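As structure tokens, the structure follows; a few thoughts come after it.
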Amino acid sequence: MWTLWAAVRCRLPLVCVACSFHKGLAPAPQTCRIRALSTFGGQSPDKGRLGSWGGATARRGRKEEQEEQDEAEEEEEDEELLLEKEPLLPQGAQRVFLLHPDVKWGAKKQTMTRAELQVAEAKALVHTLMNWSVEETMIVSTKTPDKKLVFGKGNFELLTEKIRGSPQITCVFLNIERMSPLTKKELKAAWGIEVFDRFTIVLHIFRCNAKTKEAKLQIALAEIPLLRSNLKNEIAQLDQQGGGSRYIMGSGETFMQIQQRVLKEKEIKIKKALEKLKKRRHLLRSQRKKRELPIISVMGYTNCGKTTLIKALTGDTSIQPRDQLFATLDITAHSGSLPSRMNVVYVDTIGFLSQLPHDLIESFSATLEDVAYSDVIIHVRDISHPETDLQKASVLSVLKNLHLPNQLLDSVLEVHNKVDLVERYEPTEPNAITISALFGHGLEKLKEEIENAVLKATGKKLLTLKIKLEGAQLSWLYKEATVQEVDVIPENGTANVKVIISNSAYGKYRKLFPV
């Protein structure tokens with residue numbers, strides 16, 4: 001199987017790996033033989049005897065260290081290989097024909113939204129891609145969205161005539177969640193240009209915006225089902241070329257079985273790498289817990305203004321919000337303080353989307369587990385959007401699927417953002433907080449509400465303690481609690497100190513400084 005191993009190492013597509021078996025099995029790469037020999041220092045393992053027991057122990061220790069280093073380097077190399085991908089979309093500028101199937105009857109009919117608003121969101125997805133533009137848009141009725149050609153015979157013929165007669169169009173964006181490989185093949189053959197579905201477009205946007213290794217690995221995991229669904233078509237093409245269904249020399253495996261096995265091994269490696277990163281996140285959470293810093297997760301529909309709000313709350317000028325869908329894919333933490341000067345951590349999360357492909361939700365579920373460790377959740381809504389109620393339903397649906405504690409769900413603060421875009425806006429929901437994160441409207445009230453929610457969720461106490469100024473009490477309180485106010489009484493050398501303090505810190509205080 002050295003051909004398969006070498007091909008994967010050299011970043012060859014899986015089909016190329018299969019094709020290479022026509023030429024027979026390749027010998028083991030020279031580098032592997034060199035690495036095997038280097039384990040024994042270039043000598044035969046049974047040549048000579050070790051000197052003293054101490055020397056043997058030292059050499060064994062160095063050998064183990066070298067093996068661990070080699071293993072770490074191989075894991076790093078494997079992760080880099082896992083992130084190597086074939087392009088999902090064509091390079092360069094594209095002029096898109098946006099085609100929306102409008103289901104008029106049956107279970108697939110959308111009841112909470114209108115076709116025009118679904119098209120507007122699809123346009124926003126296209127405009128997120130560099131040098132892509134929507135040349136033309138059509139909403140076409142269909143009774144058969146799950147059939148091979150999606151549309152009925154009459155509408156399909158009209159679409160084919162129109163697309164074939166529009167040389168300026170370079171590709172079609174069919175605004176459905178997922179096309180089958182057969183549908184994609186038939187539509188491409190009929191229309192003569194590439195056809196993409198919602199999953200492919202969103203996945204490509206995710207690829208472009210992912211910055212950390214974890215986000216990239218999560219996207220690679222989401223691509224596995226796509227690769228599997230394309231496998232049959234690739235094998236069919238091999239069969240047409242001849243030899244595609246033969247067994248590999250002596251292995252008893254078909255090309256299909258080999259590719260399925262390679263994909264399975266890739267999936268296992270990605271999950272293993274993500275599990276390691278998950279353990280690191282757990283360590284970071286433990287460190288925050290030790291410091292007793294309240295965690296506030298900021299969630300919402302994509303492009304609702306989460307990052308802009310965190311920038312306004314923290315005053316962190318290094319945060320650069322972007323006016324586009326899925327600008328934030330990586331969970332990021334930002335320190336801030338509340339009116340009482342209590343320090344908190346704001347966590348920026350991935351934005352949501354209606355009909356977000358299931359595989360993408362699954363792959364990012366591990367990251368969203370961080371939300372379960374929050375003290376308070378802020379749900380940000382773009383109140384200027386015509387489908388703000390549907391967007392709210394999409395976010396709440398995901399929150400419920402995360403199996404969060406009821407106490408945390410009850411603490412959700414609903415924030416209506418972008419009120420500067422709505423004339424004389426008045427919220428209909430009770431307890432909703434209206435703000436404009438961009439212009440700072442309503443932020444002081446929001447901070448007060450966050451503080452009240454944090455105090456309730458964390459069980460921190462608001463106390464006034466009488467201390468002696470000559471002792472170490474005041475410096476200890478500044479270090480272990482949030483000191484709001486110090487009222488000095490010079491006559492007797494004491495002070496009344498107003499503090500916010502956790503139960504555990506207050507217990508330590510009473511032990512150290514008994515009354």
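The values are calculated or read from the model by the stated rules, or taken from the named source; none is laboratory data. Predicted model, so just to flag it, every value in this text is computed and none were measured. Here the Cβ is made from the backbone with ideal geometry for all residues, glycine too, and neighbour counts use every protein chain on show. Surface accessibility is based on the protein's heavy atoms, side chains included, excluding ligands, DNA and RNA. Shrake-Rupley method; radii C 1.70, N 1.55, O 1.52, S 1.80 Å.
For the residue pair Q320 and N452, what label-to-label distance in nm results when each label sits 7 Å from Cα along the Cα-to-beta-carbon direction?
Placing both labels 7 Å along Cα→Cβ, they lie 3.8 nm apart.
Anything over 30 Å Cα to Cα? Flag those among K311/K460; K456/K508; K216/K445; K123/K188; K143/K185, in the order listed.
Working: K311/K460 26 Å; K456/K508 21 Å; K216/K445 38 Å; K123/K188 21 Å; K143/K185 21 Å.
Listed pairs above 30 Å: K216/K445.
Under a point spin-label approximation (7 Å from Cα along Cα-to-Cβ), what is the A190-R424 distance to one decimal in nm?
That separation, rounded to one decimal, is 5.1 nm.
Just read off the accessible area of R95 with the full protein assembly in place, 1.4 Å probe, to the nearest 10 Å².
Accessible area, nearest 10 Å²: 100 Å².
Going from most exposed to least, what order do W191, W476 have by accessible area with a 1.4 Å probe?
Details: W191 5, W476 40 Å².
In descending accessible area the options line up as W476, W191.
Just to verify a number: FRET efficiency for K148 and R341, C-beta to C-beta distance, R0 = 51 Å, to 0.05?
Details: r = 64 Å, r/R0 = 1.25.
The computed FRET efficiency comes out at 0.20.
Mind checking the per residue accessible area of region 459-512 for me, 1.4 Å probe, whole number of Å²? Mind dumping the intermediate values first?
Details: 3340 Å² over 54 residues.
Per residue, region 459-512 has an accessible area of 62 Å².
Quick check: with the 1.4 Å probe, what order do I139, I258 take by accessible area, largest first?
Details: I139 70, I258 5 Å².
Final ranking, largest accessible area leading: I139, I258.
Given R₀ = 60 Å, what would the calculated FRET efficiency be for L463 paired with E177, taking r from the Cβ atoms and rounding to 0.05? Display every interim value, and only then the final one.
Numbers: r = 54 Å, r/R0 = 0.90.
The pair L463/E177 has a calculated efficiency of 0.65.
Would you work out the relative contact order for region 389-488, in percent, from Cα pairs under 8 angstrom that are 6 or more residues apart?
Numbers: 46 pairs, mean separation 15.6, N = 100.
Answer for region 389-488 is 16 percent.
Let's test the formula: R0 of 30 Å, r as the Cβ-Cβ distance of N230 and C208. What FRET efficiency results, to the nearest 0.05? Mind dumping the intermediate values first?
Values: r = 21 Å, r/R0 = 0.70.
About 0.90, to the nearest 0.05.
Along the Cα-to-C-beta direction of Q484, a point sits 7 Å from the Cα; which residues of region 441-465 have their amide N less than 20 Å from that point?
Counting only backbone N, you get 443-465.
With unit charges on the beta carbons (Lys and Arg positive, Asp and Glu negative) and the dipole taken about the Cα centre of region 94-206, which residue among I139, S180, G192 sits farthest to the positive side?
Of the options given, the answer is S180.
So what's region 94-206 giving for Rg/Rh, alpha carbon basis, Kirkwood Rh from the mean inverse pair distance? Present the calculation step by step, with values, prior to reporting the outcome.
Details: Rg = 13.2 Å, Rh = 14.3 Å.
For region 94-206, the value is 0.93.
Please state the shape class of region 459-512: rounded when a/c is under 1.5, otherwise prolate if a/b exceeds b/c and oblate if not, all from the C-alpha gyration tensor. Present the calculation step by step, with values, prior to reporting the outcome.
On the way: a/c = 2.27, a/b = 1.60, b/c = 1.42.
Judged from the Cα gyration tensor, region 459-512 comes out prolate (a/c at least 1.5, a/b above b/c).
Which order do C304, C208 take when ranked by solvent-accessible area (1.4 Å probe, heavy atoms of all protein chains), largest first?
C208, C304
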